[in-house]
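The values are calculated or read from the model by the stated rules, or taken from the named source; none is laboratory data. All values reported here derive from a predicted model rather than from experimental measurement. Positions of Cβ are backbone-derived with ideal geometry, glycine not excepted, and every protein chain shown enters the neighbour counts.
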Amino acid sequence: MLNKKLFVIDDEVDFAAFVVDVAEGMGFDVDSTSDPSEFTRGCSIDFDVIVLDLFMPVIDGIEILRFLAANNSKAAIIFMSGKDKGVLRSAKELAFEQGMVVLGVLQKPFRAQELEALLSSYVPPKYTVTQLSRSAEMPVRDELREAIENRQLFLAFQPQISMTDRKVVGVEALVRWDHPAKGIVPPSYFIPLAEKHNLISSITEYVTKAAIRQQGEWQAKGIKLRMSINISPQTLDDLDMPEKLASYAAEMGVATSDIVIEVTETALMSDIVHYIDILTRLRMKGFNLSIDDFGTGYSSLQQLVRVPFTELKIDLAFIQKLDTDKECKTITEISILLAHKLDMRVVAEGIENEAVWNILKELGCDEGQGYWMGKPMSAEKIPAWMKIWFSM
């Protein structure tokens with residue numbers, strides 16, 4: 001088998017030599033340059049891994065990244081810098097957005113073991129699982145319409161836990177699609193499909209009614225849980241929505257104060273007047289309002305004071321890195337403080353280990369949900385899971 005090829009681009013000759021020694025010691029076939037313009041002028045881009053310094057004269061690392069993306073380089077990138085962690089973070093995000101693989105970032109000076117750990121994580125593309133084209137394996141519009149009509153959609157529920165006393169306080173209703181031939185279709189695929197073909201209103205109606213009905217059934221059995229329901233931006237154009245939801249809650253014997261309507265902050269950026277109308281009247285009828293995926297949009301602070309939100313949900317992109325990323329921890333801490341100042345409850349989603357749970361508890365987060373506590377599950381499994389959780 002041919003050696004994996006690695007290229008080092010760094011104007012610090014001594015440090016580049018250090019990287020070369022480590023990589024060669026791990027069996028890589030290594031080349032390097034201290035002149036980034038030399039790389040863009042004549043070097044082949046046919047490398048497995050490129051270790052790239054960001055701060056270089058004449059041509060910087062971001063320009064090299066642009067060059068690699070424009071030439072469809074398949075190389076995995078390791079960024080390094082001795083100056084600004086924020087720049088490292090931005091470079092990583094930029095590479096991701098351009099479809100490139102990033103093994104990691106290294107803050108100079110770093111130890112050989114840190115570089116070795118990243119290089120060890122490299123997997124050649126030919127050993128990765130090749131996935132079929134989505135268009136070949138995923139359902140299309142007519143199949144989704146049939147799924148709605150034939151009740152192939154169902155709900156799963158993910159528990160939400162109080163971080164002060166570990167009490168199960170609520171669940172989030174999550175819609176799923178069980179295709180008769182293709183199995184479970186991820187919502188990340190079929191929700192955009194529904195929005196594109198004007199089918200999302202039917203899905204939203206199903207989800208809200210099924211979730212509230214289930215909440216009523218649990219309540220009749222003595223299980224009182226708050227229900228969080230996601231609402232697509234496209235359904236926030238129905239001025240009668242507040243009345244419809246309140247009427248259905250009353251029919252099922254559920255208090256509107258036990259229902260949370262979740263909307264993403266980006267949903268509020270187009271027709272804000274229309275959305276404020278509907279969301280304000282939902283709040284007036286007693287529903288709780290949650291701003292979901294907080295911190296991932298562009299106008300978060302403005303929306304927090306425009307709309308009468310009662311809950312702020314911190315996006316899992318920050319939570320999942322909480323125990324390893326200082327910046328994510330800082331953003332989470334500030335979000336919690338801000339929400340509490342505005343008398344809002346804070347829910348963290350995406351908790352996947354105890355370390356993150358403990359950090360959130362220390363930061364004063366009110367509630368959390370994630371795989372560490374409980375994965376989304378059927379309504380029938382919730383009571384048994386609650387008994388297990390209470391015994392832990």
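Output yes when any residue across region 197-205 is touching a strand residue (DSSP E or B) at 6+ places or on another chain (Cβ under 9 Å) and surrounded by fewer than 19 Cβ atoms within 10 Å (Cβ to Cβ), and no when none is.
So far as region 197-205 goes, no, none of its residues is touching a strand residue (DSSP E or B) at 6+ places or on another chain (Cβ under 9 Å) and surrounded by fewer than 19 Cβ atoms within 10 Å (Cβ to Cβ).
Can you list the strands (runs of 3 or more DSSP E) found entirely within region 1-79 that contain at least 3 residues being closer than 16 Å to Phe110 by Cα? Give the derivation first.
Numbers: elements: 5-9, 29-33, 49-53.
It comes to 49-53.
What is the one condition in (1) within 20 Å of Asp325 (Cα to Cα); (2) out of contact with any helix residue (DSSP H, G or I) (no Cβ under 8 Å at 6 or more places or on another chain) that Val356 does not satisfy?
Exception for Val356: condition (2).
Test Trp372 against the criterion of being of a type in the set (Phe, Trp, Tyr) and either part of a helix (DSSP H, G or I) or in contact with a strand residue (DSSP E or B) (Cβ under 9 Å, 6 or more places away or on another chain) (or both), and give yes or no.
Answer is no for this residue.
Given Ala384, Ala355, which one is assigned to a helix (DSSP H, G or I), closer than 30 Å to Lys221 by Cβ and not polar (S, T, N, Q)?
Ala384
Find the residue count for region 327-344, including only residues that are without any contact (Cβ under 8 Å) to a residue 40 or more places away in the chain and either surrounded by fewer than 14 Cβ atoms within 10 Å (Cβ to Cβ) or closer than 17 Å to Pro159 by Cα (or both).
The number of residues fulfilling the criteria is 6.
Let's see how each residue does on (1) at pLDDT 95 or above; (2) farther than 26 Å from Leu316 by Cα; (3) surrounded by 14 or more Cβ atoms within 10 Å (Cβ to Cβ):
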| residue | (1), (2), (3) |
| --- | --- |
| Glu195 | no, no, yes |
| Ile212 | yes, no, yes |
| Leu225 | yes, no, yes |
| Met241 | no, yes, yes |
| Ser257 | yes, no, no |
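Can you find a residue in region 249-266 that is charged (D, E, K, R) and farther than 22 Å from Gln160 by Cα?
Yes: one or more hits.
Give region 142-190 a look and list any residue that's at pLDDT 90 or above and assigned to a helix (DSSP H, G or I), or say none.
Asp142, Glu143, Leu144, Arg145, Glu146, Ala147, Ile148, Glu149, Phe190
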